[in-house]
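Trainee: Before we start, here is the structure in question, set down as structure tokens.
The values are calculated or read from the model by the stated rules, or taken from the named source; none is laboratory data. A quick note: this is a predicted structure, and the numbers were derived from the prediction, not measured. Cβ placement follows ideal geometry from the backbone for every residue including glycine, while neighbour counts extend to all protein chains displayed.
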Amino acid sequence: MFANQVRYGLATREPETTLAAVAARLDTTLMAYSPIRHVLGPDIAVHDVLAAVAHEHGVSPAAVALAWILRPAAVRWVVVVKAANRAHQADNAAALRLTLSAVELDRLDRVFPASGEDLKLQTF
């Protein structure tokens with residue numbers, strides 16, 4: 001198995017610009033790390049929609065953010081999730097059971113738009 005691990009989530013969508021298209025063409029899996037930390041920050045006004053979608057499903061905003069990554073898409077994603085406590089584990093399990101509607105995906109896309117910028121690759 002070959003996978004490319006990149007920071008990806010609602011608030012960090014740069015991999016969608018070029019990398020996701022390349023991964024789809026090569027039939028490669030992308031691995032999203034840190035999908036929650038950059039979403040659930042201090043700007044609550046932006047996250048009202050995330051909170052509302054979560055409330056409508058009876059899950060946490062973190063579960064919605066994870067389900068958004070796992071939605072059907074042209075590229076396969078796997079997610080590196082935090083599971084340090086039972087709340088994390090519950091969010092992770094809820095995300096696997098959650099299917100977001102096209103309307104909900106559109107609502108999230110409007111407040112967390114794709115950046116249009118290419119991912120800046122890090123080298124070590």
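Trainee: Those residues that are touching a helix residue (DSSP H, G or I) at 6+ places or on another chain (Cβ under 7 Å), surrounded by fewer than 14 Cβ atoms within 10 Å (Cβ to Cβ) and acidic (Asp, Glu), I need them from segment 52-95; list them, please.
Mentor: None; the set is empty.
Trainee: Read through the list (1) modelled with pLDDT of 85 or more; (2) closer than 18 Å to His88 by Cβ, then give the number of the only condition that Val49 fails.
Mentor: The failed condition is (2).
Trainee: Restricting the search to segment 17-34, which residues are modelled with pLDDT of 80 or more and either assigned to a loop (DSSP other than H, G, I, E, B) or surrounded by fewer than 18 Cβ atoms within 10 Å (Cβ to Cβ) (or both)?
Mentor: Those that are modelled with pLDDT of 80 or more and either assigned to a loop (DSSP other than H, G, I, E, B) or surrounded by fewer than 18 Cβ atoms within 10 Å (Cβ to Cβ) (or both): Thr18, Ala21, Val22, Ala24, Arg25, Leu26, Asp27, Thr28, Thr29, Met31, Tyr33.
Trainee: Only residues that are in a helix (DSSP H, G or I) and either touching a residue at least 60 places away in the same chain (Cβ under 8 Å) or closer than 19 Å to Arg37 by Cα (or both): list them for segment 52-78, please.
Mentor: Ala52, Val53, Ala54, Pro61, Ala62, Ala63, Val64, Ala65, Leu66, Ala67, Trp68, Ile69
Trainee: Consider Val39 against the criteria (1) crowded, with 19+ Cβ neighbours inside 10 Å; (2) modelled with pLDDT of 80 or more: it satisfies all of them except one. Which criterion is unmet?
Mentor: (2)
Trainee: Which one of these does Trp68 not meet: (1) at pLDDT 90 or above; (2) under 15 Å from Thr29 (Cβ atoms); (3) aromatic (Phe, Trp, Tyr)?
Mentor: (2)
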